[in-house]
Every structure is written in structure tokens, then in C-alpha cells.
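The values are calculated or read from the model by the stated rules, or taken from the named source; none is laboratory data. Fair warning: this is a prediction, and the values are worked out from it, not measured in the lab. In this analysis, Cβ positions are derived from the backbone assuming ideal geometry, glycine residues included, and neighbour counts consider all displayed protein chains. With ligands, DNA and RNA removed, areas are computed over all heavy atoms of the protein, side chains included. Shrake-Rupley method; radii C 1.70, N 1.55, O 1.52, S 1.80 Å.
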Amino acid sequence: MTESQTRQLTFPEADVARYIYGHRDQFLRLIEDELDVRIGARGAQATVEGADSDVELAERVLQQLYALGDQGYHLSSMDVGRAIDIIVREPDTDLVSIFSDEVFASKHSRTISPKGLSQKRYVDAIRKNDVVFGIGPAGTGKTYLAMAAALSAYFDNNVKRIILTRPAVEAGESLGFLPGDLAEKVNPYLRPLYDALHDMVEIEKAERMVEHGTVEVAPLAFMRGRTLNDAFIIFDEAQNATSAQVKMFLTRIGFNSKAVITGDITQIDLPSHQRSGLVEALHLLDDIEGIAFCRFNEHDVVRHPLVQKIIKAYDDKDGDT
């Protein structure tokens, strides 16, 4: 039986300490449930009881949350859950450097920041490199953070336009069987990119940017024959592009441009005889300076907590078969 220990914590400011405890100590209850400890708190004093390793992790979480609260960061239950998950996996992580990293201040002054260590590394890679691949399951923020970085680059006058593209291949459907003209046919495939844009910029402003060509949303086929200078280009769902399409896209990149290529190599909708260009690029381009590869897994999902469990269940099933 593991011997229990008790550790006393004293925070500099009682008001900040009470804030990180949460309303009716809800944040403390989250820490207790996840780390199997018991926490008693009053003012600036907190007592943590449990197994030695669990108490140490809980203390790290509380100290990190206090540092965030001391800087005025607005904590939510999801933030606390993410903080616990990050500290459990990498105890020496500085949460302030992650959560307070402002990628873009969206509409209504809502700040978009990384929500985990993988997202932080991804954002830093986009800032440092001209070509970045973000690979992992849905819900890990690959496209969303790329959009935030693109808008930040545009409003900081680092690029003149934003180009969003993805292949028109989805779950066995064919454009030819969809009703309407070409624009109406491709629009459903590009909808997630519009959604991310509208979530960060007022709808009227976003529509003006699209009308003026500042933001261009187009299927991948429209990239052929172009040279894209002074642009931030996001290539979404790249796992559904062929080798020729990925090569075509990468050779469109011009001067003073950045490209972020995102995809999930476990969700390829191409016919079985066609190899994913994203999978090929992983092997061909891995050692080229100026190109970065960032990988995400189910731990990095920032949607509903059940999404992590759903992804893991399917991954386990695929592993068994």
C-alpha cells in the first residue's frame, strides 16, 4: 500500500489563490479527481494529501495555475483539465509560456492561444519556418491555429493575402453527383475554412476580405500554374491529395510566402490504388531545412473531452486489426 503524505502550500496573494481554486473549489475538485489527491484550501493556504508522486504533480499544477492567475489569465474548467494533462505528461512544462502566447486577438478581443505543448510547438514552428506540416486527428487545432497565424501575419503586414485550399475529395463522394454549378459544388468542401475565418473575424469584414481577394478560398485544382508570392497559404485535408497534387502545391510557393499543410493520415479517402501525397511528403521532405513537421495525437484534442476517448477507441481497434 502506497504511503500517504501531506504537503502545505502557501501562495503570495490570497485573492489569486482563491481564483485558481475555482467557484466553489471546482478547479480543486478537478485536480482531486484526475490525480487521486485530497486538497483543502483556505485563503492563501492549501494542503495536498495523497501518494508522493500524485502530491508532487498536484503541487506543480497548482503552482502553474497560480502563475497564470497572477498574470490575469482567465481560467476555465477546460484550461485546468488541459493543464493537468500537460503536467502529467511533461511535469517541467511552463504553462504560462503556452497559455499566454497570443497567436491572434480575434473578434470581441478574444485571444487565440495554444492549448497544449504540441500546439505551442506547432505555433512556434509556423513562426520559424516557411513550410510546416501539421499531422494528427481532428480537433487538435491544426487548421484553426494556422488560420489564426495567417490572420496575424496579414494584419501585421507580413503578407498581402491569405489563400485557403483543400482537395475536393470526401468520403467516397464525387463532385459530379452534387447539384449546382462549380462554386456550389466545391463550397461544402471549403466550409470548414470559412467557419474558422468567421470565428475569428467579424462576418462583414471576412466577407469584404473574400470579395477583395485578400482571402481566397479555392479547391486545390485551382492552384495549378500559379506562383503564390506574399501569401500565407493553408492547405487543409492534405491526406486526400495525390503525390502529384502535393508536389504541384509545394512548387507554387513564391517569395515571402508561408505554407501550412494539415492532414490526418488515418482518414484517407483516396481510392485504394492512389497513395496519399501527404504520406509520401513525410518521407521525402523530413530532412529539409526550413520545413517542419508537427505531429498531434489524441491527447492534443481540444474539442469535447469525449472526442479524445472516441479517437483512442478507434485507434485501439485499428491496432487490434
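For the reader, a short list of remarks on this structure follows.
- All of (1) over 17 Å from ALA149 (Cβ atoms); (2) open to solvent by less than 50 Å² (accessible area, probe 1.4 Å) hold for PHE222 with one exception: (2).
- Just so you know, in segment 1-39 the residues that are of a type in the set (D, E, K, R) and open to solvent by less than 60 Å² (accessible area, probe 1.4 Å) include one that is nearest to the chain's Cα centre (by Cα), and it is GLU32.
- Any hit, segment 32-50, residues being within 15 Å of SER76 (Cβ to Cβ) and touching a helix residue (DSSP H, G or I) at 6+ places or on another chain (Cβ under 7 Å): no
Yes/no per residue for (1) among the polar types (S, T, N, Q); (2) over 23 Å from GLN71 (Cα atoms):
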{"residue": "ASP124", "(1), (2)": "no, no"}
{"residue": "LYS128", "(1), (2)": "no, yes"}
{"residue": "PRO137", "(1), (2)": "no, yes"}
{"residue": "MET147", "(1), (2)": "no, yes"}
{"residue": "ASN158", "(1), (2)": "yes, yes"}
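- Every pair of residues 6+ apart whose Cβ atoms lie under 7 Å, when the first sits in segment 189-200 and is modelled with pLDDT of 85 or more while the second is open to solvent by 40 Å² or more (accessible area, probe 1.4 Å): ALA196/TYR144; MET200/LYS107
- Segment 252-267, residues that are surrounded by fewer than 16 Cβ atoms within 10 Å (Cβ to Cβ) and closer than 17 Å to ILE162 by Cα: GLY254, PHE255, ASN256
- Those residues of segment 104-117 which are crowded, with 22+ Cβ neighbours inside 10 Å and either of a type in the set (Val, Ile, Thr) or farther than 20 Å from LEU75 by Cβ (or both), in sequence order: ILE112
- The requirement of being aromatic (Phe, Trp, Tyr), closer than 18 Å to SER152 by Cβ and in a strand (DSSP E or B) is fulfilled nowhere in segment 234-251; no residue meets it.
- Among the residues making up segment 277-297, a single one is open to solvent by 70 Å² or more (accessible area, probe 1.4 Å) and assigned to a strand (DSSP E or B): ARG295.
- Filtering GLN239, GLN274 for residues that are surrounded by 13 or more Cβ atoms within 10 Å (Cβ to Cβ), of a type outside the set (Gly, Ala, Ser) and over 26 Å from LYS128 (Cβ atoms) leaves a single hit, GLN274.
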